[in-house]
Amino acid sequence: MQQIAQQRYGHLLLLLTAIGLGGYALWRLARALLGHGPEGSDSGFDRVAALASGGVYAGLCAIALEILLGSSGSGDAKETTAGVFGWPAGTWLVGTAGVVLIGVCFYQGYRGISKDFLHDSKTEQMSAGTRRWIKWIGTVGYLARMVVFCLVGIFLLNAAIDYNPDKAVGLDGALAKVDHASYGPFLLGLIAAGLIAFGTYSLSDARFRRI
């Protein structure tokens with residue numbers, strides 16, 4: 001987000017990003033409260049997942065607004081984790097966050113492998129070619145998200161186990177560690193391609209989402 005803010009028209013782009021993140025957060029929180037569809041048919045797990053997702057995206061929106069309003073926005077995962085370690089039961093909170101993210105990672109993998117995400121789309125309105133395309137990019141995208149969530153969760157869990165905030169990293173730090181590993185650039189390219197696929201799938205989701 002800081003990189004976006006430094007570009008030409010960066011503040012406008014960041015403002016649009018903040019609006020989008022805020023809107024998505026409100027939608028997820030509303031789904032957690034009301035459920036899905038007129039019958040409110042979501043399971044308890046779906047509602048908890050929506051609540052957690054809404055909280056995460058609200059936090060990202062707040063970061064974007066901080067940068068827009070001139071705050072340094074330099075606080076990273078290490079600084080945040082170091083602060084949490086000072087709270088009562090702080091180590092357990094950091095460890096729990098890591099476990100939750102690893103759980104989210106498995107859920108993302110399940111969504112991708114089982115093609116469960118197609119249940120959220122109006123597949124009956126798609127042509128056969130469109131359905132195959134969305135199935136492919138959705139699968140690749142969810143598997144890429146699985147890798148990213150797993151990396152961040154593992155680093156947070158390691159930080160809690162070793163009581164070492166330096167081992168906690170966010171998304172950018174996790175990808176940087178991948179880049180420095182053996183075959184890192186190749187792996188990073190695959191993750192990037194997967195995230196681009198998920199972005200493309202999300203655009204199709206805006207068109208065919210079952211609401």
query: Ignoring any ligand, DNA or RNA, what whole percent of the accessible area of the range 121-211 comes from carbon and sulfur when the probe is 1.4 angstrom?
result: 66 percent
Over the range 114-211, relative contact order from alpha-carbon pairs under 8 Å, at least 6 apart, %: 42 percent
field: Local net charge near GLY112, Cβ-Cβ under 11 Å (Lys/Arg +1, Asp/Glu -1)
entry: +3
message: Need one value: the accessible area of PHE198 in square angstrom, 1.4 angstrom probe, rounded to the nearest 10.
response: 40 Å²
Peptides ranked, highest mean first, by Cβ atoms within 10 Å: ranges 100-110, 116-126: 100-110, 116-126
message: With the crude spin-label approximation of a point 7 Å out along Cα→Cβ, what separation in nm comes out for LYS177 versus LYS122?
response: 4.3 nm
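The values are calculated or read from the model by the stated rules, or taken from the named source; none is laboratory data. What you are looking at is a predicted structure, and each value in this text was computed from that prediction instead of being measured. Cβ: placed from backbone, ideal geometry, glycine included. Neighbour counts: every protein chain shown. Accessible surface is based on the protein model in full, side chains and every heavy atom, while ligands, DNA and RNA are left aside. Shrake-Rupley method; radii C 1.70, N 1.55, O 1.52, S 1.80 Å.
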